[in-house]
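To keep things clear, I will list the structure first and then write my remarks on it.
What follows is calculated from the coordinates using simple rules that are stated; it is not laboratory data. These numbers were taken from a predicted model, which means no experiment stands behind them. Glycine gets a Cβ as well: all are built from the backbone with ideal geometry, and neighbour counts include every protein chain shown.
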């Protein structure tokens, strides 16, 4: 299926989801749904570098937080100078995305020459360094945190949370569409060769460093965009919870559970794990969340390394689990740039 | 389908290696290697295990960086160029231990160099051309029937053929075949040799690195011997094999 | 910021002492990652587990934490051997260590940490021991015993490990398995068994490191996270698997952290080890005493 019809279908589904949520009549749906959608973006973004290219990034929290703190910086700027208060979320997303993209590019440049495990450890290190810098920057509140006042109501839509939900829904659609577009393009093939055998990829003419930089930049950008609305969602932003490893473990677990070689995997993994976590938070406690994530991650990684998508392929189509059918690659399609 | 006829530098050599040296810490892997390969040649490179043959290939192709000396290809200095850039200039190699892209089908394995090297050089422009060449290449190595299978479903010799096909897909001017025939049967070796001869007839310069003397002697028009990182012989195959130093290296 | 020689000396000494402790903490990772190439990022969680074991026994029976840790070492060894077995069968054998092996340990990190939270809660826990209060004074230099004792025992632990690695058959087999598995097989030694033993030893060190930790500072489950980067920073800086290198690197990191904390404030300290790590990876991936 070409990209445009796919995008239209996604938008229709999104519209249905939004309408359905409105119909339920309880704003809690939007609060819970926002988190799940946010993770759809984060896990899809992570998968571009982690699943497609095989480079495990532990710094999801850092990119997410950069997006959030960009928003806080803008908020403080407005507050201190008494500009009209409301900056539309899409604008904030673009800013947050841009900041994270630049950092992603920089991080890639510093770390991508490192072998797999070292790269991952370096991402961890970078995340902590970034966190320390932000914590020591008093303009955005430092370690005390930052308060962001959420506007009350918006015309047409109603409560602000619905607006946030809608924005995140659209971002999720964008993330999935981009991810799918890449997967079926020449770029996606290039990513797969990096994952399979980087040396052979270079020998075949694949510019591995350039592709990896594209992956880190894009991945970082999407994570930053997911983080931009967060201060408005949560109201009070704290560095250690925002930068924390919790975002990393979720954005790694969801694609691994769903399946890492395709765009569908992160979506499935997020819907499954995200819903499970929301239910657990309400019925048991919020600490149990991470225990569930940990167990499922370990379980799937041992028992079903190719995730749910892999299991489906094995039992339904009797094809080897790693193979996700690729047919036509457009040499002259938009994704064919590098 | 013809390969690109070999280009030439100012003195007619396609590949020129001057005083190449490579160390790993204190260990000298290659020392003072100088070699010129003319366009269209069939060069055999032999030497005992550990003599530096694969290291030499890695240095030429950019997988390793040599500390001393220079490599020129098609008139261009290769220093500082990444491996993928060298491939795009027309330098291709197959790996000693085949390194297929395990999660991609055979057809996709062939598409990679087509998309990333050939298309990047502007030689082909459409999806249709990519598909045609892909089919053709798989046909040339007799793997068309398994086009949609994964590399792990292949036999030894089929893997070798895939490895060669992938190198050929990059439309090289120079192809370095690194021990492409180890562990194969007599007839399988003949198949590979026929393939390489056909390539050479289309204008591709071939450097054959092998241990199987029969294959090397029948294929090469010129033989280079490497021992302990140094070049000790370079000339016509029969003459080289009668060289006392070469005899000593292999038998002594 | 008032600069005084007094402050400087104490910061350096404090850094050295803490560095000794860091070396013990890192020794398990030097073994697992430096020598065996297993990226066990869950190691700090096992250390915290060791801390809690020491805590329970100390709170219930009043037994010295280091003593408890020594007795608990075989249990941790078994845990380590078990984990390696799962890791080997699931990942190493299939050649999938890089993504999935890493994710496996990441998952273990969370399982361990959250289990501790659910069982013990997030309150800080302490141990009591005769050497936790007092401080020795050497002229102007303060030597708090609660850091000195762990430091000294840490260095003894490292010395013992080094002896095992260089003088015993098992130790040399462990060093060999990193470089030449084939040679080991030819000597009729099963490399998998050797790696299992090595990983078991690595996790066993966590028992002692945990006791040291809870002697030095109060512990709650998430304390382990700040050690993840520190441990790998020291391991890489120390040359990946060289125990003497680990000690030097650990002290270096300890000193710089201490100086940063004293003169610039503690909120900058976390960035120190991580900054070190990035620098080392960028400039000299083989570390200071590289292999």
- Note on the structure: Reduced to Cα centres, the span from segment B:202-242 to segment A:75-119 in Å works out to 57
- Within segment A:286-308, backbone nitrogen closer than 14 Å to the virtual label 7 Å beyond the Cα of residue B:102 toward Cβ: A:305-306
- Item | Ranked list, fewest to most other Cβ atoms within 10 Å of each Cβ, for C:138, C:279, A:166, A:37 | C:138, C:279, A:166, A:37
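To the nearest µm²/s, what D does Stokes-Einstein give for segment A:1-81 at 10 °C and 1.306 mPa s, using the Kirkwood radius over alpha carbon pairs as Rh?
On the way: Rh = 15.8 Å.
After rounding, the answer is 101 µm²/s.
Looking only at other chains, what is the average number of their beta-carbon atoms within 10 angstrom of each beta-carbon in C:256-269?
Values: counts 0, 0, 0, 0, 0, 0, 0, 0, 1, 1, 0, 5, 4, 1.
Per residue, the number of nearby Cβ atoms from other chains is 1 on average.
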- Item | Share of Cα-Cα pairs in segment C:1-113 lying beyond 17 Å, as whole percent | 65
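With r defined as the distance between the Cβ atoms of residue A:199 and residue A:137 and R0 fixed at 51 Å, what FRET efficiency is calculated, to the nearest 0.05? Mind dumping the intermediate values first?
Details: r = 42 Å, r/R0 = 0.82.
Efficiency at R0 = 51 Å is approximately 0.75.
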- Distance (nanometres) between label positions extended 7 Å along Cα→Cβ at residue C:59 and residue C:89: 3.5
- Query: In whole angstrom, how far apart do the alpha carbon centroids of segment B:122-180 and segment A:138-195 sit?
  - Reply: 42
- Along each of its three principal axes, how wide is the spread of alpha-carbon positions in chain B, in whole angstrom units, largest first? 53, 39, 35
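Please give the peptides C:124-137, A:303-316 ranked by average Cβ packing (other Cβ atoms within 10 Å per residue), highest first, as a rough proxy for protection. Before the final figure, lay out each step's value.
Values: C:124-137: 13.9, A:303-316: 17.6.
Those peptides, ordered most packed to least, come out A:303-316, C:124-137.
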- Roughly how tilted is helix A:160-183, in degrees to the nearest 10 and between 0 and 90, from the longest Cα axis of chain A? 20
- DSSP beta bridges in chain B [antiparallel fraction, %, rounded to 5]: 55
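Express the Stokes-Einstein translational diffusion coefficient of segment B:62-151 in µm² s⁻¹, to the nearest whole number, given a Kirkwood radius over alpha-carbon pairs, 4 °C and a viscosity of 1.567 mPa s. The partial results should precede the final answer.
Numbers: Rh = 14.8 Å.
Translational D for this selection: 87 µm²/s.
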- Item | Tilt relative to chain C, helix C:191-216 - C-alpha long axis, 0 to 90 degrees, to 10 | 10
- Query: With each label point set 7 Å from Cα along the Cα-Cβ vector, what nm distance links residue C:6 and residue A:35?
  - Reply: 5.1
- Query: Taking the mean number of other Cβ atoms within 10 Å as a proxy for protection, how do you rank A:239-252, B:115-128, C:203-216 from highest to lowest?
  - Reply: C:203-216, A:239-252, B:115-128
- Ranked by how many other beta carbons lie within 10 Å on average, peptides B:95-104, A:176-185 from highest: A:176-185, B:95-104
- Message: So if I average 1/r over every pair of distinct C-alpha atoms in the protein assembly as shown and take the inverse, what Kirkwood radius in Å does that give?
- Response: 29.8
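Inside 10 Å of the C-beta atoms of C:41-50, what's the mean count of C-beta atoms belonging to other chains?
Numbers: counts 6, 1, 0, 0, 0, 0, 0, 0, 0, 0.
If you average over the peptide's residues, the count of other-chain Cβ atoms is 1.
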- Message: Nearest 500 deg cm²/dmol is fine: what mean residue ellipticity at 222 nm does the protein assembly as shown get from its DSSP H runs of n ≥ 4 alone, each adding -39,500 (n - 2.57), divided by its residue count?
- Response: -19500 deg cm²/dmol
- Query: Gap in Å between the Cα centre of segment A:210-266 and the Cα centre of segment C:107-155?
  - Reply: 34
- Taking chain A as a Gaussian network, where each spring joins two C-alpha atoms under 10 Å apart, which residue of A:137, A:263, A:46 fluctuates the most? A:137
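Between residue C:283 and residue C:217, what is 0.36 nm times their sequence separation minus the Cα-Cα distance? Round to one decimal in nm.
Working: separation 66, 0.36 × 66 = 23.76 nm, distance 3.35 nm.
Stretched fully, the residue C:283-residue C:217 segment lengthens by 20.4 nm.
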- Note on the structure: Computed over the Cα atoms of chain C, the Rg and Dmax in Å are 18.9, 64
- Item | Crossing angle, helix C:145-167 versus chain C [Cα axis fit, 0-90 degrees, rounded to tens] | 20
- Rounded to whole Å and sorted largest first, list the principal axis extents of the Cα atoms in segment A:3-322. 57, 43, 41
